[in-house]
Each structure stands twice: as C-alpha cells, then as structure tokens.
Amino acid sequence: MNPVYLDYNATTPVDPAVVDELLPFLTTHFGNPSSNHPYGKAGKEAVELARGRVAAAVGCTPGEVIFTSGGTESDNQALIGTAFANRERGNHIITSAVEHPAVLKPLSWLEEQGFAVSCLPVDGAGMVDPDEVRKAITGRTILVSIMHANNEVGSIQPLAEISAITRARGILLHSDAAQSVGKIPTLVDQLGVDLLTVAGHKLYAPKGIGALYIRKGVRVAPYLHGAGHEGGLRAGTENVPYMAALGKAMELAAERIAAGEPGQVEALRDRLHAQLQELAGGVVLNGPEKERLPNTLNVSFEGVVGADLLARLPEIAASTGAACHDGKGELSGVLKAMGLSRAQGFGAVRLSLGRLTTAQDVDRAAALIAAKVKEIRIS
C-alpha cells in the first residue's frame, strides 16, 4: 500500500480538473500571449480568464492580481517592492516571529539595505496580539506583514483586527496567505489587507505558479524588469499553462469551500486526534484548539522524538517541527517562538489532511502511529 499522505501543508497533488485545464496550453494553444495572431490571442484570453478566477476567489478585481512563480516570489515582490516604492514615507516594517522564511529572509535583506524591522512575539498558541502591533507602530512605519494562517500549527491570525489598526494609521498590510487560500474563506476586504500572497501548489495547482493581490492605488516597485508584463510589475513571458491551472484551482477551491469541504476535512482531523489520544496517550496539541486551519493537527507525543517516529514509519508521509534527530539541533522558529520546551518541541509531528484524505486513511494512520509510539516508549 502507498504511504498515507498527511503532508498537505507542504504540497498538494494537482487536481485532475486542473490538469485538464492546463494540458491544451502545452500543445494546441501554445502561442505567446503578446503575439497578435490567433495563437497568441488564445493564450491572452486564457491568462485573463485565469486572472478573473483568482480575483473572484479572493474577492477583488482582476486588475488587482498579478501572477508570479509562487508564494516566495509573491512575498518578495510584496515586501521589497512596497518597501522601496514607499521609502520616502518611512523605513520601518513590522512582522511576527512565526512567519515563513519567504517573509523573514527578504525582511532580513531589507535590513541590510537600511530598513528597520520589528519582529513581534506570539503567545503559546502561535497568535499575534493586535495590541502588540499597535505598540510597535512608529512614525516611520510603512508596512506590516502578518501571515493569515501558520504552516506548522495552523494558527489563524486576527487580520481584521490588525487591519483596523494599520488602516487608521495609513500603514499598508501584507499577508502571506499561502496556507489559507483554498482551505478557508480568504477574502481581501473581510481581512482588510492591501497585499495578499497566493501559492498554487498549496491548493491543488502545480508547483511554480502563484499570485499576488495588490489593492488598487498601492504603490509597489517592479521586482523583475523587462518588457512590462503583469502591469509592469513582473516582466517575463507568461506561463500560460500554469496560470490557467491556478485559475481553475482557485475556482474549484471557492466552490468546494462553499460546499462545506473545510468542515468535512476538520471532522477527519478531529477523528485522527481523538484516535491518537485513545490509542497512544500522552498526546499534546500544539497551537490553538479552535482558531486554526481545519486540516492541521500538530501534536507532540510524550517521550518520543517526532523525527525518529516518522523515520520509523515509512507508511506515513508527514513532517516534524524540528530539523534533527535524537533531540539534537534546533527547534523550528515557530515552535521556539511559541515557547515550547525542547522535549515538547522535538516531540512534535505535523499531520495535515486534504481533499483526498479518507476516513480509512485516518484510521490506518492513527493505528500505525500509535503502535510505533508505544514501541518507542518501551524500547
């Protein structure tokens, strides 16, 4: 039997309907969208259809969406482009300690260019306190970047509360929504964000495609320079097949969210959690009980190192919160920021479910994990 796949927060399989959408643009409709002939026009129409689908899924206009190569590029474009375009207004940026490296690394680079970055702490559930954002703002603050949902423990940040603070001060708000788009409703006006990152491979589109929402009127400097594609912000001949794929994936995600998919996945996640507690015991939840992604279960097993557990379980495909074995090395930045002890942090395993997860998968995974946990504890 194939391993039970419980690593949907790392990447997702491409939905068959998405594959069907992209294939014709690898063969029949291969034209350059900038070409003024039928082959090019077919490509141009596909790009704009995809842009409209992305826009509809996040609740904005098509003109507020640019395509990128993925979440990392979208984050870099948002942070670096916004910082340099608004430098005359200030040089201070606020973020949190649990952001993805695709946010923290470009911010570190911006510090080398003379910008100042404040990194806010989180509580034991991985949540940012909006009041901490308020306190960190100075007269030089131009941008706040807080992720929508955390990739490791699933914490959903209070962006609407944070945006009320930033808007009152005329400060831009960016959110890396790579983990939330496709899993929960992620509408830009409800969140109050000015920039929003989308990563295709987190929502059943291929790797290598993403998008960035930029609210109309927000000043962002170009990231890639060339022939002026994507409204002059992202030069380069369009990746038509993958843009079409992302558009279809976004459309499917919106439909499935409306049809109740998040609740179905959450029920399976809670079933997995309950079975692990019953069969293995000594299970500690990392992250908030309620305000988290419906698919994400990050737990620590007392007396067990998560990396060792997964190394002995080839039947399970999942991730840990530490890049080490035998309790040596460093905890992930997220778990460390949450204040987990070394024992709890190194015992962490992230189990993330998705569209193809079944009750049979959950039951099999729980039995296999519990049996191996007990074996390790007595060894």
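The values are calculated or read from the model by the stated rules, or taken from the named source; none is laboratory data. Bear in mind the structure is a predicted one, so any value in this text is a computation, not a measurement. So basically every Cβ, Gly included, is an ideal-geometry build from the backbone, and we count neighbours across all protein chains shown. Remember, those area values only see protein heavy atoms, side chains included, never the ligands or the DNA or RNA. Shrake-Rupley method; radii C 1.70, N 1.55, O 1.52, S 1.80 Å.
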**Prompt:** Rg (Å, one decimal) plus Dmax (Å, integer) for the alpha carbons of the stretch 132-263?
**Reply:** 16.0, 45
**Asked** Which residue, T141, T11, T28, tops the fluctuation ranking in a GNM of the chain built on C-alpha contacts under 10 Å?
**Response** T28
**Request:** Provide the gained length on full extension for the span R140 to W109, in nm with one decimal, where the gain is 0.36 nm per separating residue minus the Cα-Cα distance.
**Result:** 9.3 nm
**Asked** Anyone know which of A83, A259, A178 comes out most mobile in the 10 Å Cα GNM of the chain?
**Response** A259
**Message:** Can you give me the solvent accessible area of D176 with a 1.4 Å probe, rounded to the nearest 10 Å²?
**Reply:** 10
**Request:** With a Förster radius of 30 Å, plug the Cβ-Cβ distance of L285 and E375 into 1/(1 + (r/R0)^6) and report the FRET value to the nearest 0.05.
**Result:** 0.85
**Request:** Could you tell me the number of lysine pairs in the chain with C-alpha atoms less than 23 Å from each other, where the two lysines are 8 or more residues apart or belong to different chains?
**Result:** 19
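What fraction of the DSSP beta bridges in the chain is antiparallel, stated in percent and rounded to the nearest 5? Walk me through the numbers before you get to the answer.
Details: 22 of 41 bridges.
About 55 percent, rounded to the nearest 5.
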**Item:** All Cα pairs of the chain, percent lying beyond 34 Å
**Value:** 30
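Just subtract the alpha-carbon distance of D20 and A259 from 0.36 nm times their residue separation and send over the number in nm, one decimal.
Using 0.36 nm per residue and subtracting the Cα-Cα distance, I get 83.8 nm.
Could you pull out the GluC sites (Glu not before Pro) across the stretch 19-99 that fall in loop regions by DSSP (anything but H, G, I, E, B) with no more than 15 other Cβ atoms inside 10 Å?
Qualifying residues, ordered by number: E88.
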**Asked** Against the longest alpha carbon principal axis of the chain, how many degrees, from 0 to 90 and to the nearest 10, is the axis of helix 261-279 turned?
**Response** 20
**Request:** Would you mind getting me the FRET efficiency between A10 and A168? Use the beta-carbon distance for r and R0 = 45 Å, nearest 0.05.
**Result:** 0.75
**Item:** the stretch 1-76 and the stretch 237-305: distance between their alpha carbon centers, rounded to Å
**Value:** 23
**Of V98, V220, V349, the one that fluctuates the most in a GNM where the chain has Cα springs shorter than 10 Å** = V220
**Request:** Quickly work out the K207-to-T358 label distance, labels modelled 7 Å from Cα along the C-beta direction, and quote it in nm with one decimal.
**Result:** 2.7
**Rounded to 10°, Cα long-axis angle of helix 71-85 versus longest principal axis of the chain** = 50
**Message:** Using the basic label-point model (7 angstrom from Cα toward the beta carbon), what is the R312 to Y39 distance in nanometres?
**Reply:** 5.9
